[in-house]
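Shown next, in structure tokens, is the structure this report addresses.
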Amino acid sequence: MIRAVIFDFDGTILDTESVWYESFRETLAEHGVELPLSVFAQGIGTYDDGMFRYIMEKVGSEEVLDGIKKAAILRHHEKAAALRPREGVVSYLREARELGLRIGLATSSPRSWVEPFLETHELADFFETLCTQDDVERVKPDPALYRLAAERLGVAPEEAVAFEDSANGARSAVAAGVRCVIVPNPMTEALQFERYDARLRSFEEKPLAQLLDSLG
């Protein structure tokens, strides 16, 4: 019996990942450096400094790298102001509440990053618990975040369903024993997902109750 749903944040609730990629790609283009999506994608759903190592190899200077980071962050702030929750995700949260499901969030990002977005978009009240980078020693793909979320929600891992957009996030959920529904975004739709229980093109593809019935 499914008693809880646990949502990833970046890329799943809000597509912050596309905005980060655009911000770094545009900033690097001003320095004559191309940023392949494959390099950026290494860090989606986890913490990985592979992109910064790549940039350092291209620019050869810590000072230039720091300048690129600062410029990309400024670009991101401007672009993020226009972000809205992904289509259908608010309907899923409302339906989960109507169905009496426990609702949690599990993200590799810090709480200081997540909370302002949740407050801005009036989503904070949906979540009984926020499990973030601050709560665990290892982020996704390690299963710690999903195990913690299930524990805080008072359910066994097999009684929960995770919603993820990234391969690292899906690995985390599956390793924790949580059923996983992947809802890729433009940054992650071409990634290789190893294991999952269902795949949606968007949260509008089918109602939550219908999806949960199909999971058994």
Inset, instruction - Distance from a point 7 Å along Cα→Cβ of residue 74 to each backbone N in region 1-26: keep the residues under 15 Å and list them by number. - result: 23-24, 26
Legend entry - Separation between Cα centres of region 110-138 and region 1-20, rounded to whole Å: 11 Å
Legend entry - Fully extended contour minus Cα-Cα distance, from residue 64 to residue 204, at 0.36 nm per residue: 46.1 nm
Inset, instruction - Jot down the per residue volume, in cubic angstrom and as a whole number, of the convex hull over the alpha-carbon atoms of region 1-107. - result: 110 Å³
Inset, instruction - Could you work out how far helix 16-29 tilts from the main Cα principal axis of the chain, as a 0 to 90 degree angle to the nearest 10? - result: 10 degrees
Inset, instruction - Give the residue from 39, 73, 103 lying farthest towards the positive end of the charge dipole for the chain; charges sit on Cβ (+1 for Lys and Arg, -1 for Asp and Glu) and the dipole is referred to the Cα centre. - result: 103
Inset, instruction - Could you sort 177-183, 190-196 so that the peptide with the highest average Cβ count within 10 Å comes first and the rest follow in order? - result: 177-183, 190-196
Inset, instruction - For the chain, calculate the relative contact order in percent as a whole number, restricting contacts to Cα pairs under 8 Å that are 6 or more residues apart. - result: 27 percent
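All of the numbers you see were taken from the coordinates with simple rules; none came from a lab. As the structure is a prediction and not an experimental result, all values here were calculated from the model. All Cβ positions, even for glycine, are placed from backbone atoms using ideal geometry, and neighbour counts span all protein chains on display.
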